[in-house]
Amino acid sequence: MKKLINQHPGKAGRWFLGLLPFLLIALIYAGASNARLAENPNDKLLPAFASFVEAIDRLAFEPSKRSGDYLFWQDTLSSLKRLGMGVGISAAIGLTFGIVNGIIPYARANLSPLVTAISLIPPMAILPVLFIVFGLGELSKVVLIIIGITPFLIRDMQQRVLEIPGEQLIKAQTLGANTWQIILRVVLPQVLPRLLDAVRLSLGAAWLFLIAAEAIAATDGLGYRIFLVRRYLSMDVILPYVAWITLLAFVIDYVLRFVSRRAFPWFHPAKGADS
Amino acid sequence: MSFIRIDHVFKFYGDQLVLENLHCSVERGEFITIVGASGCGKTTFLNMLLGTEQPSRGRILLEGKPLAGEPDENRGIVFQRYSVFPHLTSLQNVMLARELEHNRWCGYAFGSSRRAARREALDMLEQVGLAPAANKYPQQLSGGMQQRLAIAQSLIRQPKILLLDEPFGALDPGIRADMHQLVLGLQRQQNLTIFMITHDIKEGFYLGTRLWVFDKVRIDPQAPNAFGARITYDIPVGKTSPSVLDDINTNLTETVPAQPA
Ligand SMILES: Nc1ncnc2c1ncn2[C@@H]1O[C@H](COP(=O)(O)OP(=O)(O)OP(=O)(O)O)[C@@H](O)[C@H]1O
Ligand SMILES: [Mg+2]
């Protein structure tokens with residue numbers, strides 16, 4: 001018998017072990033839900049799976065009586081748009097300022113303290129300010145995401161740029177590169193995959209800010225819907241929405257990882273065989 | 001007028017005198033190997049030639065003009081590590097210098113200049129024996145291959161001086177011998193002026209046309225920082241008979257801490 005640390009599950013075993021906790025949770029939930037519903041058929045806390053299907057069917061595949069929209073998809077689209085804009089703009093700002101701060105000592109001396117100070121502001125505390133300044137429209141929600149994650153992205157990118165070995169920058173100069181060329185040919189391509197990593201890390205926070213902003217001021221969106229139906233204790237809508245958000249987050253993360261592997265093969269050294 | 005003139009150069013770090021009154025000149029095509037105890041200032045000297053450090057006193061002239069105070073295309077360098085770009089393939093690494101030259105704005109060459117750069121880079125890779133690995137990324141190459149790539153990359157733009165800081169220190173002996181052949185071949189063929197630091201005196205004798213030993217001449221036990229290293233031996237290696245070399249060799253092993261061969 002090998003030591004425990006040297007025993008590895010096979011492929012099928014890994015799938016089984018990974019899925020097992022999910023199955024267990026579903027089973028426990030079903031058991032608890034059945035027990036409560038047997039006692040009180042009108043219980044709202046732990047609805048049966050059938051109610052989830054029914055609620056989502058109603059929201060996703062039947063037009064809303066009031067507006068004629070398919071609410072589930074409308075919510076998803078609005079939220080993803082806000083998230084995409086917020087994260088996209090943050091990534092662009094983070095990349096630009098991170099590189100400039102990292103590579104140009106004068107810019108770093110000038111901007112680094114400011115970025116640090118801004119990163120210490122709790123974004124939720126200035127949400128009212130955003131509503132006052134930008135109104136209750138789309139902009140303030142996007143801006144909340146930007147304020148929430150951009151300082152992290154700038155600081156992370158700056159750090160990644162500073163981690164590029166000084167030898168490489170000297171080498172580039174001996175090959176005749178000027179500052180702009182060093183940024184374009186040495187720094188930018190090397191921090192792009194790291195930007196994807198940083199974005200993946202900041203997505204959790206981005207969702208948090210998105211849902212918070214939607215909960216407070218919006219007329220659609222996944223966060224809006226959850227907080228709206230909370231008044232009616234509609235767990236049959238809330239729980240599938242939460243699961244859907246989780247799935248979206250997972251898919252976005254997976255796609256970013258996939259893009260990184262495809263676009264930057266040098267950043268992901270092949271394990272074992274390569275051609 | 002000599003090619004490189006080192007004119008009464010001193011280097012201080014704070015109140016520590018590292019290099020003391022270096023004064024000599026070097027002609028085009030000389031291959032200078034530098035040995036000396038660890039911490040005596042060899043890298044500091046190379047950095048002054050490179051432009052990342054400035055002399056505290058004195059000056060260094062290249063073809064009669066003071067060296068630029070920052071690295072530029074006149075001086076190529078190969079470090080012990082991190083000399084090649086991990087995000088570029090071998091071919092792209094070698095092409096880089098030409099691309100930077102052709103397009104000052106974005107640093108990418110297009111069209112015919114790109115094809116010319118590619119051909120030239122492939123030739124260069126051929127010379128250092130890396131043609132089969134042209135499309136591999138550096139982390140797919142062995143240490144020796146990476147150093148060969150670094151040399152090819154440095155030489156494509158024909159720098160006036162090539163600086164090597166223990167370039168083969170991390171390689172095993174068999175590969176070192178290959179690298180010696182490569183460097184000697186390129187040096188003779190292109191009449192390169194090379195400064196190379198090594199910890200291996202034998203390597204220094206074998207490769208160089210001129211061997212420098214850096215050492216402190218005076219030592220004050222009360223103030224160990226008060227005196228710096230100088231060039232204590234300046235030996236035209238090529239012109240010395242083997243028996244004299246052996247003499248100096250034994251002499252040197254006493255000044256320089258013993259090296260595991
Ligand atoms: N940036 C610096 N600031 C202060 N002191 C320095 C600096 N760089 C080098 N020194 C000092 O200068 C001396 C010479 O260092 P250098 O790196 O040139 O030695 P070296 O001969 O290359 O040694 P090695 O053979 O170990 O590489 C050392 O005592 C070192 O402590
Ligand atoms: Mg050194």
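We did not get these values from a lab; they are worked out from the coordinates using the rules stated. Here the structure is a predicted model, which is why all the values come from computation and not from measurement. No Cβ is skipped: glycine too gets one built from the backbone with ideal geometry, and neighbour counts run over all protein chains shown.
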query = Which whole number gives the average, over all residues in B:78-87, of C-beta atoms from other chains lying within 10 Å of the residue C-beta?
reply = 6
request  = Find how many whole Å separate the alpha carbon centroid of the stretch B:16-73 from the alpha carbon centroid of the stretch A:5-84.
outcome  = 70 Å
request  = Based on the mean of other Cβ atoms within 10 Å per residue, sort peptides B:129-138, B:8-17 so the most packed one is first.
outcome  = B:129-138, B:8-17
query = Check B:Ser56: other-chain or 5+ apart residues with amide H under 5 Å from its amide H, H built from backbone geometry?
reply = B:Phe10, B:Lys11, B:Phe12
message = Can you tell me the length gained on complete extension of the stretch B:Arg104 to B:Val217, counting 0.36 nm per residue apart and subtracting the Cα distance?
response = 35.9 nm
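Between A:Leu201 and A:Arg14, what FRET efficiency comes out of the Förster formula 1/(1 + (r/R0)^6) with R0 = 22 Å and r the beta carbon distance, rounded to 0.05?
Result of the calculation: an efficiency of 0.35.
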ask   = Amide H to amide H, which residues 5 or more places from B:Gly36 or on other chains are under 5 Å from it, using H placed in the peptide plane?
value = B:Phe214
task = Have a look at B:Gly64, A:Leu196, B:Val94 and report the one farthest towards the positive end of the charge dipole of the protein assembly as shown, computed about the Cα centre with Cβ charges (Lys/Arg +1, Asp/Glu -1).
result = A:Leu196
request  = Just grab the label-to-label distance for B:Arg119 and A:Val242, each label 7 Å out from Cα along the Cβ direction, in nm (one decimal).
outcome  = 6.8 nm
Peptide B:90-103 - average C-beta neighbours from other chains (10 Å radius) = 3
request  = Just grab the label-to-label distance for B:Arg188 and A:Phe22, each label 7 Å out from Cα along the Cβ direction, in nm (one decimal).
outcome  = 6.8 nm
ask   = Taking only C-alpha pairs under 8 Å that are 6+ residues apart, what is the relative contact order of the stretch B:135-239 in percent?
value = 21 percent
request  = With a point put 7 Å past each Cα toward its Cβ, work out how far A:Leu114 is from B:Gln139 in nm, to one decimal.
outcome  = 3.5 nm
task = Count the net charge of all other residues whose Cβ sits under 13 Å from the Cβ of B:Phe110, scoring Lys and Arg as +1 and Asp and Glu as -1.
result = +3
query = On a 0 to 90 degree scale, rounded to 10, what angle separates helix A:71-103 from the longest Cα axis of chain A?
reply = 20 degrees
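Using r as the Cβ-Cβ distance of B:Asn225 and A:Phe258, and R0 as 60 Å, what FRET efficiency do you calculate, to the nearest 0.05?
0.60
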message = Can you tell me which lysines have their Cα less than 28 Å from the Cα of A:Lys2? Leave out same-chain residues fewer than eight positions away.
response = A:Lys11, A:Lys271
inquiry  = Run lengths n ≥ 4 of DSSP H only: what is the helix-derived mean residue ellipticity at 222 nm for chain B, with -39500 (n - 2.57) per run over all residues, to the nearest 500?
reply    = -11000 deg cm²/dmol
inquiry  = For peptide A:177-184, what's the mean number of Cβ atoms from other chains within 10 Å of each residue's Cβ?
reply    = 5
remark   = In degrees, nearest 10, the alpha-carbon axis of helix B:242-255 is tilted away from the dominant principal axis of the alpha carbons of chain B by 70 degrees
request  = Given a cut-off of 30 Å, name the pairs among B:Lys65/B:Lys202; B:Lys11/B:Lys65; A:Lys171/B:Lys65; B:Lys11/B:Lys202; B:Lys42/B:Lys65; B:Lys42/B:Lys160 whose C-alpha atoms lie farther apart than that in the structure shown.
outcome  = B:Lys65/B:Lys202
ask   = Under 13 Å from the 7 Å Cα→Cβ point of A:Glu54, by amide nitrogen: which residues of the stretch A:213-237?
value = A:235-237
inquiry  = For the stretch A:48-271, what does the relative contact order come out to in percent, with C-alpha contacts under 8 Å and a separation of six or more?
reply    = 26 percent
note = Any residue on another chain or 5+ positions along whose placed amide H is under 5 Å from the amide H of A:Ser64 is listed here as A:Asp69, A:Tyr70, A:Leu71
remark   = Dividing the helical contributions, -39500 (n - 2.57) per DSSP H run of n ≥ 4, by the residues of chain A yields a 222 nm value, nearest 500 deg cm²/dmol, of -25000 deg cm²/dmol
task = Please report how far the C-alpha centroid of the stretch A:233-273 lies from that of the stretch B:201-215, rounded to the nearest whole angstrom.
result = 58 Å
ask   = Karplus couplings for the stretch A:185-196 from phi (6.51 cos²θ - 1.76 cosθ + 1.60, θ = phi - 60°), rounded to Hz, Gly and Pro as x?
value = 9, 10, 7, 3, x, 7, 8, 4, x, 6, 5, 4
